[in-house]
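In what follows, a structure is listed as structure tokens, so that the remarks can point back to it.
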Amino acid sequence: MSTPYDKNVQDKRLSNRLFNKEEEEESALKFYKSVWPELNKVLKRKLINLIKEYGQDLFNHAVNVAASNGVTVQTSFSYLSKILKDWQKHNVTDVKSADAYMNSRNKSTITNRKVNKKKSVKESLPNWARDDYKPPKEHIDASKKS
């Protein structure tokens, strides 16, 4: 025979599970909140999904990179998701490889900027545009002048 279960016990288990889940989410977003304290429910849910997909360590490192690049709270989610997707695309799985990838990427963009930089062409001013220019005196016929 099965014994009837107490509804209060089941409700307590459910509330404990939900409470523990909220505590986990809050601790996962602790570093994010230290950088950008404003956090709404929608953004919170999106950030938690990023943590679940990429891991806590990579997420925290991405937040650190975003903060050092001056990302605002309005663009933080899009920046974080793009950087994490880029890391995943290049098989970055831990913080050390993320740093190595970012350093190599920064070096390659610096060298590309140097290569793509156009040479400036210096042109000299025409005589008439110089400060010391004196127009030549033209001889005008008296018939044309009248």
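The values are calculated or read from the model by the stated rules, or taken from the named source; none is laboratory data. Since we're looking at a predicted model, the values are computed, not measured. Cβ coordinates were reconstructed from backbone atoms using ideal geometry, including for glycine residues, and neighbour counts include every protein chain displayed. SASA here: full protein model, heavy atoms, side chains in, ligands and nucleic acids out. Shrake-Rupley method; radii C 1.70, N 1.55, O 1.52, S 1.80 Å.
Computed quantities for the displayed model
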{"read-out": "Listed pairs K41/K107; K85/K119; K44/K96 exceeding 32 Å between Cα atoms", "value": "K41/K107; K85/K119"}
{"read-out": "Fraction of accessible area attributable to carbon and sulfur, segment 48-103 (%, probe 1.4 Å)", "value": "50"}
{"read-out": "Net lengthening on full extension, E24/K119 (0.36 nm per residue, minus Cα-Cα)", "value": "28.6 nm"}
{"read-out": "Among 73-86, 32-45, 124-137, the order from most to least packed when residues are scored by Cβ within 10 Å on average", "value": "73-86, 32-45, 124-137"}
{"read-out": "Extension gain from A67 to E38, taking 0.36 nm per residue of separation minus the Cα-Cα distance", "value": "9.0 nm"}
